[in-house]
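Let me begin by presenting the structure, written as C-alpha cells, before commenting on it.
The values are calculated or read from the model by the stated rules, or taken from the named source; none is laboratory data. No experiment lies behind these values; they were computed from the predicted model shown. We place every Cβ from the backbone using ideal geometry, glycine too, and count neighbours over all the protein chains shown. Accessible surface areas use protein heavy atoms only, side chains included; no ligands, DNA or RNA. Shrake-Rupley method; radii C 1.70, N 1.55, O 1.52, S 1.80 Å.
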Amino acid sequence: METHVAEDTICVPSEDVVAREIEGDMIIVPLVAGIGDADDELYTLNETGKAIWKKLDGQRSLQQISVELKDQFSSPAEEIKADVLGFAVDMVRRGFLAIKH
C-alpha cells in the first residue's frame, strides 16, 4: 500500500471507517480490526482535523484543501499547509484515509 503523501495527493476516507458528527464532535469509528492504534477504539477529531476531514471528498488535492482552509482560519498559509499534510500522513498511516489513484 502506498503511503507517500504530498501536496498533490488526493485522499478519501477509508471504507474501513465511518465518521459521524455528534454534538459538534467528529467521531471516527474503525469498522475492522487492525485500523488505528487499538481495536474497537473511537477517535475524536479536533476543530482543525474536523475541517480537513469534511473536505476530503476524493476530488481535491491536499494543496487545494490548504488553500480553502486559509480563508476559514486566521493562521499563516504555511502553518495550515503543514497541518493538512501532517493530518493526512497520520490518517493514512492509521488506515483512516486512502490515497486516491
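Rolling a 1.4 Å probe across all protein chains gives residue 5 an accessible area of roughly 20 Å². Restricting the calculation to alpha carbons of the chain gives Rg and Dmax of 13.1, 38 angstrom. Computed with a 1.4 Å probe over protein heavy atoms only, the accessible area of residue 90 comes to about 40 Å². Taking every DSSP helix (H) stretch of at least 4 residues in the chain, weighting each as -39,500 (n - 2.57) and dividing the sum by the residue count yields a mean residue ellipticity at 222 nm of -12000 deg cm²/dmol.
Local charge for residue 80 was computed over the other residues whose Cβ lies under 11 Å away, with Lys and Arg +1 and Asp and Glu -1, and equals -3.
A simple rule links phi to the HN-Hα coupling: the Karplus curve 6.51 cos²θ - 1.76 cosθ + 1.60 with θ = phi - 60°, which for the stretch 79-89 gives 5, 5, 4, 5, 5, 5, 5, x, 4, 4, 4 Hz, with x for Gly and Pro. Between residue 72 and residue 33, full extension at 0.36 nm per residue minus the direct alpha carbon distance yields a gain of 10.5 nm. The residue among 26, 95, 76 whose Cα reaches farthest toward the positive pole of the charge dipole of the chain, with charges on the beta-carbon of Lys, Arg, Asp and Glu, is 76. Sorted largest first by accessible area at a 1.4 angstrom probe radius, with every protein chain in place, the residues 20, 94 fall in the order 20, 94. For the stretch 23-101, GluC sites (Glu not before Pro) are listed when DSSP marks them as loop and at most 13 other Cβ atoms sit within 10 Å of their Cβ; the list is 23, 41.
For the chain, the relative contact order is 41 percent, taking Cα pairs closer than 8 Å that sit 6 or more residues apart in sequence and dividing their mean separation by the residue count. Taking all protein chains as shown and a probe of 1.4 angstrom, residue 50 keeps an accessible surface of around 20 Å². Inter-part distance, the stretch 52-72 to the stretch 74-90, computed on C-alpha centroids, equals 10 Å. Legend: residues 93, 60, sorted from most to least accessible area (1.4 Å probe; ligands, DNA and RNA excluded), read 93, 60.
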